[in-house]
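Okay, structure first, notes after.
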Amino acid sequence: MSTEQYEQSRTCDSCGYEEKRLLDELSAAFEQTRAWGEPCPQCGSTEFSESASMPGLSRSVLSIWATNDGLSFSQQDEDLVIASRDNLELILEFLDSPSTHIWKRRVLASALHVLWYNAYPKTSQVAGFTFTYEIDSLDDDFLSDEEDITFEEYEDDSCCFQQVSPESFYDEEFAAKVAEEINKRAPLFIELGADSAEEFGNPLWYLHDYLREAFEKYAGKSTN
Ligand SMILES: [Zn+2]
């Protein structure tokens, strides 16, 4: 585990009182351990504007996440948070591991599809835009669909911004590589959804429809 510290700050919505604290890698990584529930020491309010720096995905963080159903990087769109190109090997490792909790394996299966979707030129969600972003933060924020929020938060640090064209995010070769990994695991994906396949009428019920449908279309095309 890294010994790096991650800063978290919050400002009271009622009186404007500002606080900062440092978290270690594991505490900073998970939404549950980042939670800062104490009321404002000055006025007792519990409404805050918060910001936090978070560690990138590492094997040590992922191994804790993989076996703890109560810990999440984010309670929403966790697959999008994980789906960063640099994480491909880690995603595959923990997806394949039988000791990873089944719900986490489903999230990783979804993240793998998101990786393909974002890299494949015809489905990439970054199509047609030019982004402004902080050079040092070329990470999963990008491949989420919440870019706008993230970028606005960074706008104060205008020294660190650069224009980037969307072509830098497409990568057909990478998409093909990820597609191959997905195809190899077709039986695993069915197994991961088997217990509720009848209920949902589809063994891949745990994937977003847009991902499943886009990939089926792609895979169908490439084998014909
Ligand atoms: Zn206050």
**Prompt:** Sorting 171, 79 on the 10 Å Cβ count, fewest up front, what's the list?
**Reply:** 171, 79
**Request:** Provide, in order from the shortest bin, the percent of all Cα-Cα pairs of the range 1-55 in each 5 Å bin, continuing until the bin that contains the maximum pair distance.
**Result:** 4, 22, 28, 20, 14, 8, 3, 1
**Request:** Could you rank the peptides 117-123, 93-99 by their average count of other C-beta atoms within 10 Å per residue, with the highest value first?
**Result:** 117-123, 93-99
**Request:** Multiply the residue gap between residue 75 and residue 50 by 0.36 nm, knock off their C-alpha separation, and tell me the result in nm, one decimal place.
**Result:** 7.4 nm
**Shape of the range 76-127, Cα gyration tensor, a/c cut at 1.5** = prolate
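Every number in this text was worked out from the coordinates using simple rules, so none of it is lab data. Computed from a prediction, not measured in an experiment: that's the story for all the values here. Positions of Cβ are backbone-derived with ideal geometry, glycine not excepted, and every protein chain shown enters the neighbour counts.
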